[in-house]
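The values are calculated or read from the model by the stated rules, or taken from the named source; none is laboratory data. Not measured: the values here are computed from a predicted model. With ideal geometry, Cβ positions are generated from the backbone for all residues, glycine too; neighbour counts draw on all protein chains shown.
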Amino acid sequence: MGSAAELAAAALVMLGFPALMLAALVPSVPAFAALAAVTYLADHYLHRKGSYLVNRLSKVRAGLSIRFLIRQLLLILLLARLSLSDNLIFYGAVACFIAFYGLQAPHGALVTLIRNRRRMPVATRNIDLKSRIRIPDAPPRRLLHRSAEKMLHLDLFAVVGILLSTELDSSAAGFTGIGLSVGLGLLYVLVLVPYVRGRKIPPKADVVLAAVDDWLAAYRPETVLYFSGSKDSAYQVNMWLGTMEQLATRPLIILRERAILNNLAPTTVPVICVPGGVHLMNLDLSDVRVALYAANVGKNIHLLRVPTMKHVFIGHGDSDKLASVNPYSKVYDEVWTAGRAGRDRYAIADVGVRDEDIVEVGRPQLAPIQGWRGVPVGRIPTVLYAPTWEGWDGNPGNTSIVLAGENIVNRLITADPPVRVLYKPHPFTGTVSKEAGAAHRRITALVEKAAAERLAGSRFTADGAAQDRAKAELARVEARLAELAGAGGTKGDEAEATRDGLADVQRHQEAARLRAEWNDAYWRSFPAYEHRVITGAEPRLYDCFNVSDAMVSDISSVVSDFIASGKPYAVTDSAELGEEEFKRQNTAVRAATILTNSAAGLDAVLDAVRDPAADPLADARTELKRYLLGPDEPASIDQFNGAVAGLALKAEARNVGQQSRVGAANADPAEAAELTNTFPGPRSESAGDAEGVATT
């Protein structure tokens, strides 16, 4: 429902109007002026904050235009109660507000028209369209940003002038304010007119699409990462950007929603956002041989229909959740998994994905995760608690945060010998379940209280000078990152961003180096024994992995990824299945310490951290790592590139064969039969053809 300040502002808005009516009926000009100021300021505050409550007000018939109209009508009522209904200022006020609202229609129409005409049929990043088509600058941001609010607030001149007239007993101030409101409103409309036609608008859709096809013909992309989803799912494509940048073939990213493009992380890979299915199907993708899909969504069909490329499901994580064995996956030519576990998962699920269509390629994204060499000398162990969120179905086994979270954290912060706790919750925690949100807040309070007590105690000491140097380094790096972000320029709108959205490779590389420096300085900027609650994008989850010596989590890809470190870990059996059944159902916990909701078993993880030589699960973790994520050699990115190259050859073989079949159809019957028999027919359940056999 928003912050306390936003709630207070909304309350002032809603209560201010009845109070305004009372001030008009009394009548009291000073009270009316004061209350009008309160409603104006509270309204402005809500809009400046982008408050969710603004939308809620619209839902209850108290939208922005209505609020301004009511205030103006109450001003007319005030004039009538002051016996000014026969005064010129009364008629002037009525005429002003009618004219002012008459200007709202052309203003709103022009703003909408400008935005629609500047919306590109295809938005791009890292693609040079500037040399192919003319895309004009966006209108000044001050004209379109919160344009309705700006237009409506022009009534302030009239309102203030009319109120002054009632106090000064002179019409001059009122008519001056009226003239300013109507005049500025008319000027606002006239200033927008040039941006709806001529050279102020981008070319039409067919010209833009032709330019994109021209670029595609020159670039000749070979491997496409295709993605569709809500803005909250942008992380699913972002996790593959680094891999796409390391491909040995020419990569391209195709997105289907503008919201995803706006939330895409920085990358040097060319990106095309094609919201329209027809536009996508008309793009020239004849050079693409491999299409990679990170999610199973309905819009995948728009590219799956293209037979000249091979289609691969790569997913966006590796876990034992049902999403990892979605029956939809059988529409792809191949399904790529990290290790043998993914193959076995499909076999057990029996959802129609054939074993020969599964290829094990490792997880290239896990390269930043460092292996464990024990707790560094002079530092207490660090335990990461990274629970997943509650999910949509209310299953108590989804997350430990509700039933076990406080017990886990209490045991960790009171452990003796002591450990440091890092609490990094899933960003969706509490979005569905109020209980999960409340548990998260209680856990946060526990960690922060324990951190304050530890810092205030005398048991631990820290190098304050070293921390000050690290903080200074953090400030330097953050300033440079902000400078680099600013140097990229703030694009006026989608069309301008498409025109100017070319990545500066050197700036991109410098930013990556600076982010690594930021991460190093961040962990040195506070004592190594200090408990921390970590939310937000930075530091990243893998950075937390690297500074931790053990982890407690739930069934999710977080566990599968952490296994790459080889460090001890625990998983909570929140649904109370029992250890044997829990391990049977969830491959990733077979080398884990299984916790109950009371956090029983946590001491075993802490013992393994303190004495790695006596760790009973060390060998099991090594074996499970290979099973889940594949071998360490060759490197996963090399395995991935090899799989791309192999599948591209299959696609090319298919295309050559298809051309031969078409030629055979035009030859004499005897020759056609001979040529046709040299190529395999449709795949059967008992035997795979050259296209269906996967190389692993």
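Scan the range 292-308 and give yes if some residue there is closer than 21 Å to V274 by Cα, of a type in the set (G, A, S) and not in a helix (DSSP H, G or I), otherwise no. I'd like the intermediate steps shown before the answer.
Residues of the range 292-308 closer than 21 Å to V274 by Cα: 292-308.
From the residues that got through so far, the ones that are of a type in the set (G, A, S) too are 294-295, 298.
Filter once more, so that each one left must be not in a helix (DSSP H, G or I): 294-295.
Yes.
How many of the residues making up the range 386-438 are under 22 Å from the mean Cα position of the chain (by Cα), of a type in the set (V, I, T) and either modelled with pLDDT of 95 or more or surrounded by fewer than 18 Cβ atoms within 10 Å (Cβ to Cβ) (or both)?
Qualifying residue count for the region: 2.
Go through the range 567-586 and give me each residue that's touching a helix residue (DSSP H, G or I) at 6+ places or on another chain (Cβ under 6 Å) and under 18 Å from P616 (Cα atoms). It would help to see each step written out before you state the result.
Applying the first criterion (touching a helix residue (DSSP H, G or I) at 6+ places or on another chain (Cβ under 6 Å)) to the range 567-586 yields 568-571, 573, 583.
Listed by number, the residues that qualify are P568, Y569, A570, V571, K583.
For (1) touching a helix residue (DSSP H, G or I) at 6+ places or on another chain (Cβ under 8 Å); (2) closer than 30 Å to E652 by Cβ; (3) surrounded by 16 or more Cβ atoms within 10 Å (Cβ to Cβ); (4) of a type in the set (A, V, I, L, M), each residue gets a yes or a no:
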| position | (1), (2), (3), (4) |
| --- | --- |
| G161 | yes, no, yes, no |
| S171 | yes, no, yes, no |
| V182 | yes, no, yes, yes |
| P202 | yes, no, yes, no |
| W215 | no, yes, yes, no |
| A218 | no, yes, no, yes |
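For every residue, the table says whether it meets (1) in the same structural domain as L247 (by TED's automatic domain parsing); (2) more than 30 Å from V419 (Cβ to Cβ).
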position	(1), (2)
R340	yes, yes
I348	yes, yes
R363	yes, no
R379	no, no
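Counting just the residues of the range 612-621 that are over 33 Å from the mean Cα position of the chain (by Cα) and in a helix (DSSP H, G or I), which one comes out nearest to R343 (Cα to Cα)?
The selected residue is A620.
Determine, yes or no, whether N116 is surrounded by fewer than 14 Cβ atoms within 10 Å (Cβ to Cβ) and under 25 Å from the mean Cα position of the chain (by Cα).
Details: surrounded by fewer than 14 Cβ atoms within 10 Å (Cβ to Cβ): yes; under 25 Å from the mean Cα position of the chain (by Cα): yes.
Against the criterion (surrounded by fewer than 14 Cβ atoms within 10 Å (Cβ to Cβ) and under 25 Å from the mean Cα position of the chain (by Cα)), N116 qualifies.
For the range 629-645, does any single residue satisfy the condition of being part of a helix (DSSP H, G or I), of a type in the set (F, W, Y) and surrounded by fewer than 21 Cβ atoms within 10 Å (Cβ to Cβ)?
Within the range 629-645, the subset part of a helix (DSSP H, G or I) is 629, 636-645.
Checking which are of a type in the set (F, W, Y) leaves us with 640.
Add one more test, that the residue is surrounded by fewer than 21 Cβ atoms within 10 Å (Cβ to Cβ), and what stays is none.
Within the range 629-645, none of the residues are part of a helix (DSSP H, G or I), of a type in the set (F, W, Y) and surrounded by fewer than 21 Cβ atoms within 10 Å (Cβ to Cβ).
Filter the range 5-26 down to the residues that are free of Cβ contacts under 8 Å to residues at least 40 places away in the same chain and closer than 17 Å to N55 by Cα, then identify the one that is surrounded by the most Cβ atoms within 10 Å (Cβ to Cβ).
First pass over the range 5-26, keeping only residues free of Cβ contacts under 8 Å to residues at least 40 places away in the same chain: 8, 11-12, 15-16, 18-19, 22.
Still in the running and closer than 17 Å to N55 by Cα: 8, 11-12.
Numbers: A8: 13, A11: 12, L12: 19.
For the range 5-26, the residue satisfying everything is L12.
Among the candidates A33, A8, A24, single out the residue that is under 39 Å from the mean Cα position of the chain (by Cα) and farther than 30 Å from R197 by Cβ.
Details: A33 fails: under 39 Å from the mean Cα position of the chain (by Cα); A24 fails: under 39 Å from the mean Cα position of the chain (by Cα).
Unique residue meeting the criteria: A8.
What helices (runs of 4 or more DSSP H), lying completely within the range 171-253, carry at least 2 residues that are hydrophobic (A, V, I, L, M, F, W, C), closer than 30 Å to D86 by Cα and not assigned by TED's automatic domain parsing to the domain that holds T308?
Numbers: elements: 171-192, 205-219, 234-238, 241-245.
Here the list reads 171-192.
Residues being in contact with a strand residue (DSSP E or B) (Cβ under 7 Å, 6 or more places away or on another chain) and not in a loop (DSSP other than H, G, I, E, B): count how many of those fall in the range 364-419.
Final tally of qualifying residues: 9.
R441 passes all but one of (1) more than 27 Å from the chain's Cα centre (by Cα); (2) farther than 26 Å from M239 by Cα; which number fails?
Against the list (1) more than 27 Å from the chain's Cα centre (by Cα); (2) farther than 26 Å from M239 by Cα, R441 comes up short only on (1).
Test L192 against the criterion of being hydrophobic (A, V, I, L, M, F, W, C) and touching a helix residue (DSSP H, G or I) at 6+ places or on another chain (Cβ under 9 Å), and give yes or no. Reasoning before the result, please.
On the way: hydrophobic (A, V, I, L, M, F, W, C): yes; touching a helix residue (DSSP H, G or I) at 6+ places or on another chain (Cβ under 9 Å): yes.
Judged against the criteria, L192 is a match.
Considering only residues that are of a type in the set (S, T, N, Q) and more than 25 Å from V547 (Cα to Cα), which ones fall in the range 609-651?
Of the residues in the range 609-651, the ones of a type in the set (S, T, N, Q) are 622, 636, 639, 641.
If the condition is that a residue be of a type in the set (S, T, N, Q) and more than 25 Å from V547 (Cα to Cα), then Q639, N641 are the ones that fit.
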